[in-house]
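S.K.: Mind looking over this structure? Questions follow.
The values are calculated or read from the model by the stated rules, or taken from the named source; none is laboratory data. This structure is a prediction, so every number in the text was calculated from the model and none was measured. Cβ sites come from the backbone with ideal geometry, for glycine too, and all protein chains shown count toward neighbours.
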Amino acid sequence: MVQSLQRDVLQTLGTRIIAALSMIVAEICVSRMLGPDGRGSFALFLSSLAQIEPLCSMGFPIALIHVVACGTYPPSLMAGWAVLGGLVQGLIGCAFFYVLAVVIQPGFLDGLSPLAPLWMFLCLPCFLISQHLGNVILGLRDPRLYNAFFVLQRAIFCLLAFGLYWSGQGTVDRVVGLYSLSMVPGVVVGIVYTYKKVGFSFHFRGSGQAMKDLYQSGVVAQFSNIFARFALWSDTFIVNGFLGANQLGYYSIAKTAAQVIFHIPFSVGRVLLPRVSHDPQQRSPESTARVCRILMTIQIVVGILVGVAASVVIGVFLPKFLPAIPVLFILLPGTIGYGVFQVLELDVFGRKKSLLSAAFNALLLTLTLLGNLCLIPILGLYGGACGTTLAYLCAGMVLVKIYGALYKVSPWSLLLPERIRFSELRDRFLGRQ
């Protein structure tokens with residue numbers, strides 16, 4: 001069973017890496033087209049999407065995995081609610097975005113036309129429906145749809161961004177529009193795959209208890225998810241508020257490169273959660289500890305590669321963004337430390353300690369806000385990177401300490417990298433073990 005977990009983790013990670021490479025190519029095209037100012041405006045759109053999604057999703061993504069993994073209700077019923085929930089939540093989120101960007105703060109998205117809120121009406125519902133369906137299938141311990149959505153959306157955006165760059169007619173509005181359109185194929189693939197695997201049930205009779213259980217599971221996950229997303233993206237808004245879109249363009253490039261590492265813990269955590277929620281053989285904290293040690297090894301190696309590769313790419317293809325390189329190297333230790341935090345936080349949630357999971361993410365958000373608000377006015381871009389890195393590392397150490405005390409696991413068994421062989425990873429990825 002542990003080998004099955006590691007195989008699914010590695011397969012999920014492999015597809016995430018492909019998605020990350022596609023986004024890197026897209027980022028190069030977008031940044032060369034738009035320059036620092038336009039890249040900063042596009043970063044604000046992406047950050048808004050990332051912040052609004054947990055506000056309107058109401059804990060559905062994690063709750064779907066948890067409820068489906070427990071096997072209480074037919075997966076077809078959960079798939080039906082995933083589509084309806086994603087559509088309704090997406091429209092609610094679009095209304096939030098419209099009020100924020102047009103009514104409350106008209107200058108919030110300077111550089112974008114009034115069409116930006118309209119693009120959100122396409123982007124957000126498609127994203128939520130695809131995510132919900134992927135989580136339903138992931139709850140059945142099948143990560144293929146969840147993986148396919150990430151690869152498909154990013155690969156399509158990469159192709160569209162390259163075509164726009166090649167045409168020489170790139171603007172911020174067109175990039176935002178193409179990013180929104182790239183979400184549509186994921187919905188089609190998700191609906192077709194889910195229909196063939198479990199079917200859809202849209203009936204309302206007898207489904208009241210299912211919705212109650214979903215929201216009971218999701219209400220705390222909602223707060224936890226909001227805290228986590230705001231912690232991950234609040235530095236973007238603070239940098240923009242203090243330094244402006246031009247400096248945000250530099251910072252967003254560095255952050256995008258550093259967050260390539262996030263694909264690793266996200267892959268591990270999402271595959272680990274349904275097993276911890278349902279399968280007693282996977283509930284051993286020692287199994288999670290070994291996963292964390294392997295995770296640290298992979299993250300350190302990938303972190304070094306990302307730092308070197310991103311420096312070369314920025315130096316060769318994006319010379320206007322050279323100030324982003326030192327910011328990247330300040331952010332990398334924090335993103336590596338955040339990996340263990342992400343896996344342990346989802347592990348704690350799967351063990352029915354959702355309030356503790358929310359408390360950890362609230363701590364992370366508090367430290368991130370304090371670090372950035374204190375350091376950005378003093379150190380500028382470097383202050384944003386230092387504040388974010390310190391917040392990730394401190395919150396990670398607190399979680400490691402508490403997790404070790406709760407489950408009688410040595411903190412060093414969670415943090416010390418474990419020696420692994422490439423041949424073993426290859427065989428697990430290909431399903432030979």
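S.K.: Restricting the search to region 9-33, which residues are surrounded by fewer than 21 Cβ atoms within 10 Å (Cβ to Cβ), modelled with pLDDT of 85 or more and farther than 19 Å from Val306 by Cα?
M.R.: Passing the criteria: only Arg32.
S.K.: Answer yes or no: is there a residue in region 340-347 that is assigned to a helix (DSSP H, G or I), at pLDDT below 75 and surrounded by 23 or more Cβ atoms within 10 Å (Cβ to Cβ). Walk me through how you get there before you give the answer.
M.R.: First, the residues of region 340-347 that are assigned to a helix (DSSP H, G or I): 340-347.
Among the residues that remain, those that are also at pLDDT below 75 are: 346.
Imposing the further condition that a residue be surrounded by 23 or more Cβ atoms within 10 Å (Cβ to Cβ) reduces the set to 346.
Scanning region 340-347 turns up at least one residue that is assigned to a helix (DSSP H, G or I), at pLDDT below 75 and surrounded by 23 or more Cβ atoms within 10 Å (Cβ to Cβ).
S.K.: Please work out which residue is modelled with the lowest pLDDT, limiting yourself to region 382-398 and to residues that are aliphatic (A, V, I, L, M), in contact with a Leu (Cβ under 7 Å, 6 or more places away or on another chain) and surrounded by 18 or more Cβ atoms within 10 Å (Cβ to Cβ). So that I can check it myself, show each step before the final result.
M.R.: Pass one, region 382-398, residues aliphatic (A, V, I, L, M): 385, 390-391, 393, 395, 397-398.
Okay, now just the ones that are also in contact with a Leu (Cβ under 7 Å, 6 or more places away or on another chain), so 385, 391, 395, 398.
Cutting the leftovers down to surrounded by 18 or more Cβ atoms within 10 Å (Cβ to Cβ) gives us 385, 391, 395.
Details: Ala385: 93, Ala391: 93, Ala395: 89.
The extreme case among them is Ala395.
S.K.: Of the residues that make up region 251-262, is at least one under 30 Å from Leu138 (Cα atoms), among the β-branched types (Val, Ile, Thr), modelled with pLDDT of 85 or more and in a helix (DSSP H, G or I)? Walk me through how you get there before you give the answer.
M.R.: Here is the first cut: in region 251-262, the ones under 30 Å from Leu138 (Cα atoms) are 255-262.
Now restrict to residues that are among the β-branched types (Val, Ile, Thr): 256, 260-261.
Checking which are modelled with pLDDT of 85 or more leaves us with 256.
From what's left, in a helix (DSSP H, G or I): 256.
Yes, the conditions are met somewhere in region 251-262.
S.K.: Another question, then. Hey, any hits in region 104-125 for a residue that's surrounded by 17 or more Cβ atoms within 10 Å (Cβ to Cβ), outside any loop (DSSP other than H, G, I, E, B), among the small types (Gly, Ala, Ser) and at pLDDT below 75?
M.R.: Yes - at least one qualifying residue is present in region 104-125.
S.K.: Taking Gln169 and the conditions (1) modelled with pLDDT of 80 or more; (2) over 18 Å from Thr15 (Cα atoms); (3) in a helix (DSSP H, G or I), which numbered condition does it fall short on, given that it satisfies the others?
M.R.: Failing condition for Gln169: (3).
S.K.: Now for a different question. Please specify each residue of region 307-339 satisfying the condition of being crowded, with 22+ Cβ neighbours inside 10 Å, among the hydrophobic types (A, V, I, L, M, F, W, C) and more than 23 Å from Gly380 (Cα to Cα).
M.R.: Listed by number, the list is empty, since nothing qualifies.
S.K.: Another question, if that's okay. Tell me, which residue of region 202-232 that is surrounded by fewer than 20 Cβ atoms within 10 Å (Cβ to Cβ) and more than 17 Å from Phe60 (Cα to Cα) is modelled with the highest pLDDT?
M.R.: Of everything passing the filter in region 202-232, His203 is modelled with the highest pLDDT.
S.K.: Any residue at all in region 61-80 that is out of contact with any strand residue (DSSP E or B) (no Cβ under 8 Å at 6 or more places or on another chain), aromatic (Phe, Trp, Tyr), in a helix (DSSP H, G or I) and at negative phi? So that I can check it myself, show each step before the final result.
M.R.: From region 61-80, those out of contact with any strand residue (DSSP E or B) (no Cβ under 8 Å at 6 or more places or on another chain) are 61-80; that's our starting set.
Filter once more, so that each one left must be aromatic (Phe, Trp, Tyr): 73.
Filter again for in a helix (DSSP H, G or I), leaving none.
For region 61-80, residues out of contact with any strand residue (DSSP E or B) (no Cβ under 8 Å at 6 or more places or on another chain), aromatic (Phe, Trp, Tyr), in a helix (DSSP H, G or I) and at negative phi: absent.
S.K.: Check whether at least one residue in region 70-89 is touching a Cys at 6+ places or on another chain (Cβ under 6 Å), at pLDDT 75 or above and within 28 Å of Ala358 (Cβ to Cβ), and report yes or no. First the steps, then the outcome.
M.R.: First pass over region 70-89, keeping only residues touching a Cys at 6+ places or on another chain (Cβ under 6 Å): 89.
Filter once more, so that each one left must be at pLDDT 75 or above: 89.
With within 28 Å of Ala358 (Cβ to Cβ) added as a condition, the list becomes 89.
Yes: one or more hits.
S.K.: Has region 413-424 got any residue that is over 22 Å from Ile65 (Cα atoms), among the polar types (S, T, N, Q) and modelled with pLDDT under 85? Spell out how you get there, then give the answer.
M.R.: Residues of region 413-424 that are over 22 Å from Ile65 (Cα atoms), as a first pass: 413-424.
Restricting the remaining residues to those that are among the polar types (S, T, N, Q) gives 413, 423.
After this cut, where a residue has to be modelled with pLDDT under 85 as well, the list is 413, 423.
Yes, because at least one residue in region 413-424 is over 22 Å from Ile65 (Cα atoms), among the polar types (S, T, N, Q) and modelled with pLDDT under 85.
S.K.: Please determine whether any residue of region 56-65 is touching a Leu at 6+ places or on another chain (Cβ under 6 Å), over 20 Å from Phe230 (Cα atoms) and at pLDDT below 80.
M.R.: yes
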